[in-house]
Amino acid sequence: MDRNDRRLERWLAAGVIDAETAERIRAFERAREGGVGRALPVALALGFGGVLVAAGVLLFVAANWDVMSPALRVTAVLTMVGAFHVGGAAAAGRFEALATTLHALGTIALGAGIFLAGQVFNLDEHWPSGLMLWAIGAWAGWWLRRDWAQLALAVSLTPAWLGAEWSALRLAEAWRVLAPEVGFFLLALAYVSVDRGRFARAVERTFFWLGAVSLPVTAVVLAGAAATRVEFEAARLARPGFGALPFGVPATPDIVALGWTVALLAPFAAAWLLRRQGTSMNAAATVWAVALVNVHLLHSRLWMYPWLAVGCVGLALWGLRERRASLVNFAAAGFALTVMAFYFETVMTKMGRSVSLMGLGALFLVGGYLLERARRRMVGAMKGGLA
């Protein structure tokens, strides 16, 4: 039973719809999606097929790259881009899934073409501009096609370009300016909290899954960067001059202000476009993230753990408020990781090996049981409308 069937059964039990209406809804969904049993194998086949075709083309070009003239190299890359898009245009209207796959391959090949063209002609330019041009191409593809693959490429390449611009600055004390880590984390939160029902289902699912995949990664990176900054600041206070590298540009106030402006305003603008209402929760997450990267002012990493726990509780409350089981699940996982990290840093190092392992096992058993029980209670309290 898929999600639509579960919802229909719940609505039938509550008396919201009758059996005839439920059957009409099922018939409509089956006609629109072609049946779940057939859609999944087709999607898997097209996905693996697209990856294999892209890998084969790149492998062929790489194997013959040295014997190809610059003109032939450029021709091969342009042919790759054009062939994929022409194939996608030919499949449009007949087999939309295949058209989506081919157009996505064409946009991916565009990125390869941009960077390979720079390599062929030895263009000594600002390398993040290649990502910017690639993102523009993906947005153009989304404007023309309006399919989820072009949207996923566009909303992934745009923050990648901004991160590349920051990386290209080569700051001598980049460890002191954690604006990118905060920005990527807040953007993942904006994606995963996309307003349900505001957009088409494909658009909503694209943003949600991009956020769901990137949120755990960006959260761990953010916490690790905050912990590292505490150690760096402690070492710098003990040894003046520590952390200043012999290369790179200084982190001047204007560069720092620009970095923080983009890192804080861009995710909030994305949240406003995706949600319009409820952005106060995104604003609260912004305050929490900025406070986390400034925990070094307390001169101890131990203060990180209660603040991380506060963030997990806040995320769970956010999920309860908006009936999003996904946020509750992320909060439970984050709380578990926080407790484990605290145990490893403060408890396990002060105990014998056998005792520490027994304590870790007890923590997994008892803590896991209590955490899962609390998570189920929160999810069960929502009574539907889960994300």
Practice item. Please work out how much length the chain gains when fully extended from V217 to V249, using 0.36 nm per residue of separation minus the C-alpha to C-alpha distance, in nm with one decimal. Key: 8.7 nm
Revision key, fill the gap. Residue span W143 to W209: 0.36 nm per residue of separation minus Cα-Cα distance leaves a gain in nm of 21.7 nm
Exercise for review: Between V16 and L52, take the C-beta separation as r, use R0 = 51 Å, and let me know the FRET efficiency to the nearest 0.05.
Suggested key: 0.65
**Study point:** 25 °C / 0.890 mPa s Stokes-Einstein diffusion coefficient of segment 252-349, Kirkwood radius on C-alpha pairs, µm²/s
**Key:** 162 µm²/s
Review point. Can you list the HN-Hα couplings for segment 137-153, worked out from phi with the Karplus curve (6.51, -1.76, 1.60; θ = phi - 60°), rounded to whole Hz and with x for Gly and Pro?
Key: x, 5, 5, 5, x, 5, 5, 7, 9, 6, 10, 5, 5, 5, 5, 4, 5
**Study point:** Cut-off under 5 Å, modelled amide H: who pairs with E173 long-range
**Key:** A251
Revision key, fill the gap. Under the 7 Å Cα-to-Cβ spin-label approximation, H126 and E9 lie apart by a distance in nanometres of 5.7 nm
Revision key, fill the gap. If the chain between W307 and N294 were fully extended at 0.36 nm per residue, the gain over the current Cα-Cα distance would be 3.6 nm
Point to revise | Accessible surface, segment 126-172, averaged per residue in Å² (probe 1.4 Å) | key: 49 Å²
Check your understanding: Of all accessible surface on segment 164-208 at a 1.4 Å probe, what whole percent is carbon and sulfur?
Key -> 54 percent
Check your understanding: Tell me, what is the per residue accessible area of segment 265-341 in Å², probe radius 1.4 Å?
Key -> 48 Å²
Revision key, fill the gap. At R0 = 45 Å the Cβ-Cβ FRET efficiency linking R26 and I136, nearest 0.05, sits at 0.60
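The values are calculated or read from the model by the stated rules, or taken from the named source; none is laboratory data. From a predicted model like this one, the values you see are computed outputs, not experimental measurements. All Cβ positions, even for glycine, are placed from backbone atoms using ideal geometry, and neighbour counts span all protein chains on display. For the accessible areas, the whole protein counts, side chains as well, though only heavy atoms, and no ligand, DNA or RNA atoms are used. Shrake-Rupley method; radii C 1.70, N 1.55, O 1.52, S 1.80 Å.
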